[in-house]
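Reviewing the structure listed below.
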Amino acid sequence: MFKTEQAPSPTLVAAQTVGMQPDNCGIQLSCVERGWRFTSQRGRFTSFTVTTPLVHWDAAQGACRSQGCVAHLPGTAARFQFGSGSILLTYPSGHIRWITALGFKYYAVLSQSTPPRYCQGDLVIFALADERLIPHRHVLAALLPADQSTIWCRARSVVSAPNQGTWIQVEKVPVGGNTRHKAVGRLRFSRPIPDDHRSMQIHTLDEVSIQHDPVDDIHPTLGLPPDRDFLITKLPGFSDPILEMKPCKEVSP
């Protein structure tokens, strides 16, 4: 899944004994003086170095644990956990997701440690029991930092919602804080968490399709059944941390 150069840690030596294919993700991992350097051989991201210790590596699916929090991060090829609590996800396509400790905690609380029902790239959709606003929205509002560039790319509101918790009926609406993802079909939506422009609750009145421009293997069109309730959000983190993140000591060019 990756190539290593120089002396790998015992964790990575162990990883290479489980029958991994070294190149199918197109990611090269090198041990350098400042830490661990990740390079894309497919042009998926800008090369970067992680300066905090690598403490765990796995290629498992299912629940991921960090600093007492649990979250499900589907479709990964490998997961690297660092001493700071940050996590790097790699995918078979060669894409990555760098998730800070706070970003992971926010997502774990938001998802209530349950796996998403649907995925469209980094857009994830969770099934809800009913149309009531998620009860943990106040905890999330307290967790959300004023500078959201520490947990994910900043997003402006792409929908008109005059008050938090207001339900609005539409037939098309952008979701995930990104106009490339759209929910198309008759539905009601609400933004339950102040200042979180990436998370939205919807109640489907008819069948609703979640569309992406363009449609590809990573972003298939999804169909949501009528009269159901969902929480839609983006995965936390950054797909190109050098270009997208606020500069920090943990990740450097």
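The values are calculated or read from the model by the stated rules, or taken from the named source; none is laboratory data. This one's a predicted model, so the numbers in the text were calculated from it and none came from an experiment. Neighbour counts run over all protein chains shown; Cβ positions are idealised from the backbone, glycine included.
One table, with the values for the structure above:
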| item | result |
| --- | --- |
| Of all residues in region 160-174 being farther than 26 Å from L102 by Cα and modelled with pLDDT under 90, the one that is surrounded by the fewest Cβ atoms within 10 Å (Cβ to Cβ) | P162 |
| Verdict on Y91 being in contact (Cβ under 8 Å) with a residue 60 or more places away in the chain and out of contact with any Gly (no Cβ under 8 Å at 6 or more places or on another chain) | no |
| Considering residues of region 1-51 that are among the hydrophobic types (A, V, I, L, M, F, W, C) and assigned to a helix (DSSP H, G or I) only, the residue modelled with the lowest pLDDT | A14 |
| Filter result (outside any loop (DSSP other than H, G, I, E, B), under 19 Å from the mean Cα position of the chain (by Cα) and of a type in the set (G, A, S)) within region 221-253 | G237 |
| Test: P135 is touching a residue at least 12 places away in the same chain (Cβ under 8 Å) and either more than 12 Å from S199 (Cβ to Cβ) or assigned by TED's automatic domain parsing to the domain that holds I87 (or both) | no |
| Strands (runs of 3 or more DSSP E) lying entirely in region 63-130 (those with 3 or more residues that are at pLDDT 95 or above and farther than 22 Å from T49 by Cβ) | 69-72, 118-120, 123-128 |
| Scan of region 169-220 for residues that are assigned to a loop (DSSP other than H, G, I, E, B) and touching a strand residue (DSSP E or B) at 6+ places or on another chain (Cβ under 7 Å), ordered by number | G176, G177, R191, P192, R198, S199, L205, D206, E207, D213, H219, P220 |
| Near pairs, Cβ below 9 angstrom, 6+ apart or cross-chain, from region 66-79 (on the phi < 0 side of the Ramachandran plot) to any residue that is acidic (D, E) | A78/D58; R79/D58 |
| Scan of region 224-241 for residues that are hydroxyl-bearing (S, T, Y) and surrounded by fewer than 24 Cβ atoms within 10 Å (Cβ to Cβ), ordered by number | S239 |
| Sole exception among (1) part of a loop (DSSP other than H, G, I, E, B); (2) touching a residue at least 40 places away in the same chain (Cβ under 8 Å) for S149, by number | (1) |
| First in region 185-208 and in contact (Cβ under 8 Å) with a residue 12 or more places away in the chain, second anywhere and crowded, with 20+ Cβ neighbours inside 10 Å and aromatic (F, W, Y), Cβ under 6 Å, 6 or more apart | M200/F189; I202/F189; I202/F230 |
| Only one of T233, T204, T166, T179 that is within 17 Å of Y106 (Cα to Cα) and hydroxyl-bearing (S, T, Y) | T233 |
| Odd one out for R180, checked against (1) modelled with pLDDT under 95; (2) over 17 Å from the mean Cα position of the chain (by Cα); (3) of a type in the set (D, E, K, R); (4) over 25 Å from G68 (Cβ atoms) | (2) |
